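Quick notes on the structure that follows.
Every read-out reported here was derived from the displayed coordinates using simple, explicitly stated rules and does not represent laboratory data. Small disclaimer: the values here were computed from a predicted structure and weren't measured. Heads up, the Cβs are rebuilt from the backbone with ideal geometry, glycines too, and the neighbour counts pull from every protein chain shown.
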Amino acid sequence: MNQEIKRLKRELQCEGAITKYYKDTVQLPDGKTAVWDFVGHNGAAAAVGVLEDGRLVMVRQYRNALDRYTIEIPAGGLNPNEPTIDAAARELEEETGYKCGSIEKLITIRTTVAFCNEKIDIYLATNLKRTCQHLDEDEYVNVELYTLEELEHMIYEGVIEDSKTIAAILAYKNKYVG
């Protein structure tokens with residue numbers, strides 16, 4: 001049996017500030033067709049900022065989709081033609097007021113593969129120097145510092161549920177702390 005799935009049509013339903021929502025018509029391996037949702041995203045970058053004393057720089061911000069505040073690593077969307085490494089460093093400084101002296105790729109994640117193509121490149125940022133936040137007009141972000149142990153505890157207690165933050169913290173621990 002042919003296992004190939006073929007997209008026959010993609011129709012834009014709605015365009016927002018950071019995503020586009022489509023209805024895709026696909027042909028299934030048995031020849032039948034189905035309509036699937038697809039959310040297009042331009043991609044993002046994030047940074048795990050680690051201070052000299054080992055604490056990680058986190059942001060607490062309100063997330064409308066959850067109707068509550070979350071604790072996350074700093075992250076944001078890409079500007080046109082912006083390399084993700086530059087975006088990660090920019091977002092770190094804009095959201096936290098820390099400029100990184102060193103930055104290296106840690107991990108790439110796809111946030112919700114069932115219906116969205118969002119890709120986030122996550123970087124490890126070190127040699128941090130305090131500057132000042134440069135928040136967008138509609139951004140309200142509090143900077144908080146945590147030990148790796150505190151963050152890991154918050155992950156397993158369900159306080160931190162954000163996938164990019166969980167993946168980043170655990171990847172950092174596995175690769176650099178052991």
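Partners of K23 within straight-line reach, counting aspartates and glutamates whose Cα lies under 17 Å from its Cα and excluding those fewer than 8 residues away in the same chain: E11, E15, D37, E118.
Cross-link partners for K99 among the lysines, with Cα-Cα distance under 26 Å and sequence neighbours closer than 8 places in the same chain left out: K119, K129, K164, K173, K175. For segment 31-67, the residues whose backbone nitrogen is under 15 Å from a point 7 Å from the Cα of R7, taken along Cα to Cβ, are 34-43. Taking other Cβ atoms within 10 Å as a rough exposure proxy, K164, K32 sort from fewest to most as K32, K164. In this entry, segment 1-128 is assigned a mean projected area of 10.2 nm², taken as a quarter of its C-alpha convex hull surface. State the Cα centre-to-centre distance between segment 114-129 and segment 28-104 in whole Å. With segment 114-129 and segment 28-104 each reduced to a Cα centre, they are spaced 5 Å. On the beta carbon distance between D30 and E149, with R0 = 41 Å, the FRET formula returns roughly 0.20. With 22 Å as the limit on Cα-Cα distance, the pairs of K9/K32; K6/K105; K20/K105 that go past it are K6/K105; K20/K105.
Here L92, L124, L28 are placed in order of increasing Cβ neighbour count within 10 Å, fewest first, which gives L28, L124, L92. Of the chymotrypsin sites (Phe, Trp or Tyr not before Pro) in segment 74-178, the ones in a loop by DSSP (not H, G, I, E or B) with at most 15 other beta carbons within 10 Å are F115, Y140.
Magnitude of the charge dipole for the chain, about its Cα centre and with charges confined to Cβ atoms of Lys, Arg (+1) and Asp, Glu (-1), is about 680 debye.
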